[in-house]
Amino acid sequence: MRHILILGGTTEARQLAAALAPLPGLRVTSSLAGRVSAPRLPVGEVRVGGFGGPAGLAHWLREHQVQTLIDATHPFARVISRNAAEAAAAVHVPLLALRRPSWVPVAGDRWHPVDSLEQAAAALPGLGRRALLTTGRLGLAAFAAVAGVHLVARSVEQPDPPLPPDLTVLLARGPFRLDGERAVFREHRIDVLVTKDSGGAATAPKLAVARELGLPVLIVRRPELPAGVPEVPDVAGVVGELGLDPGNVSSIGPGGEQHPEWST
């Protein structure tokens, strides 16, 4: 049995597990970080929790005789991607990264790209007074010192402190529709959007609404993958890299929904 380990709880990771798990000769295990109480579980074997850094992941790969490691984590899961690259190199297991393409600005967009949440927090007071913050509950600490701006943060679960002093939390899980995003902007009188370049269609409607309203968007650039890690944009690309026949693989569809542990 060819054992494939998929890291991540993204839509693409679940689609990949659904496509590969039924195939003869393959054993598919999906690994979730376990940061939310009710994650959406993929098809096939599932493990939940961390590995204990790159050494722990390398030990797991060796112990469970993994032949291929696929990093299908969120584009901003920098630490996990680095650990995966180090572990795969240590035990000589092929590694492939599945990453949905970045968003691309179009006519009418007023994007202000930054390299970090801290840079976004510093620039925010100069762009608006009521911000929709869709950077994930784990990133709210970067905005804890922002003054003069009411922040409306969207999160799958209630965020932990430290939190910004002037904050409204919207508990919601995507995908999000255009009409719903328009209602959020209208109800909360949003005049600036803060987001990460997560890519995909499921959370893109907020960008369309900001474009319609002519609002500025602070967008955090995604981190680079570790050097030397090959990258494909979709499930079909993974299937091709694995040398499988696409005609024998089901459930290959477009990605785009965020990781349940991130609200983007």
* Asked: Relative to the longest principal Cα axis of the chain, at what angle does helix 78-91 sit, 0 to 90 degrees, rounded to 10?
  -> 20 degrees
* To do: Would you mind checking segment 162-180 for residues with the amide N under 18 Å from a putative spin-label position 7 Å along Cα→C-beta of Glu212?
  => 175-180
* To do: For the chain, find the longest principal axis of its Cα atoms and tell me its angle to the long axis of helix 11-20, 0 to 90°, nearest 10.
  => 20 degrees
* So, in Å, what gap is there between the alpha-carbon centers of segment 166-224 and segment 62-85? -> 29 Å
* Asked: With r defined as the distance between the Cβ atoms of Asp179 and Val104 and R0 fixed at 30 Å, what FRET efficiency is calculated, to the nearest 0.05?
  -> 0.80
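Bear in mind that the values in this text are calculations on the coordinates, not laboratory data. Please read these numbers as outputs of a predicted model, since none were measured by experiment. Virtual Cβ from ideal backbone geometry, glycine too; neighbours counted across all protein chains shown.
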